[in-house]
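The next block holds one structure in the form of structure tokens; read it before the comments.
The values are calculated or read from the model by the stated rules, or taken from the named source; none is laboratory data. In this text, all values refer to a predicted model and were calculated from it rather than measured experimentally. Don't worry about glycine lacking a Cβ; one is built from the backbone with ideal geometry, like all the others, and counts go over all protein chains shown. When the accessible area is computed, the model is the full protein with side chains, heavy atoms only, and any ligands, DNA or RNA have been set aside. Shrake-Rupley method; radii C 1.70, N 1.55, O 1.52, S 1.80 Å.
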Amino acid sequence: MNTTLTIVYLILLGAMSFITFTVFAIDKKSSHNESNGRIPEIVLLSLTSFGGSIGAMLGMYVLRHKTNFKTKYHFALTAWISLIVQIGLAVLMLLNLA
């Protein structure tokens with residue numbers, strides 16, 4: 001496997017995680033004042049799925065945002081599955097198995 005591709009993938013994961021955490025923080029801040037526009041859930045879930053799982057996990061558990069499992073189970077499910085897939089792919093790329 002090309003080392004450049006691995007480096008690009010790891011940078012992508014880092015950038016997407018930073019963006020996702022930032023968007024979770026903005027939505028958390030907006031949730032205190034319902035007159036502010038909220039970020040649609042599909043945007044949060046998409047960012048999580050497309051490389052931002054680490055940022056989503058930090059946003060969920062550090063900021064305590066979208067953690068009510070009874071009503072927001074799809075956030076936890078999406079975040080955990082995405083995290084496993086993204087880290088698994090990174091490990092395979094680092095081991096030159098992908």
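LYS72 sits among other residues whose Cβ lies under 10 Å from its own Cβ, and their net charge, with Lys and Arg +1 and Asp and Glu -1, is +1. Around the Cα centre of the chain, unit charges on the Cβ atoms of Lys, Arg, Asp and Glu (plus for the first two, minus for the last two) sum to a dipole of about 280 debye. Its Cα gyration tensor gives the stretch 5-98 an equivalent ellipsoid, and the semi-axes of that ellipsoid, as √(5λ) in whole Å with the largest first, are 27, 14, 9. Over the C-alpha atoms of the stretch 51-98, the Rg to Rh ratio, Rh being the Kirkwood estimate, stands at 1.11.
Given their separation in residues at 0.36 nm each and the Cα-Cα distance between them, ARG38 and ASN68 gain 9.1 nm when the chain is fully extended.
Could you please state how large a percent of the accessible area of the chain is carbon and sulfur, counting protein chains only and using a 1.4 Å probe? Carbon and sulfur: 73 percent of the exposed surface of the chain. Once the 1.4 Å probe is applied to the protein heavy atoms, the chain comes out at 62 Å² accessible per residue.
Each Cα pair under 8 Å and six or more residues apart adds its separation to the average, and for the stretch 37-98 the resulting relative contact order is 32 percent.
Dipole orientation for the stretch 1-78: of the candidates GLY51, HIS74, ILE19, HIS74 has the Cα lying most toward the positive pole (charges on Cβ; Lys, Arg +1; Asp, Glu -1).
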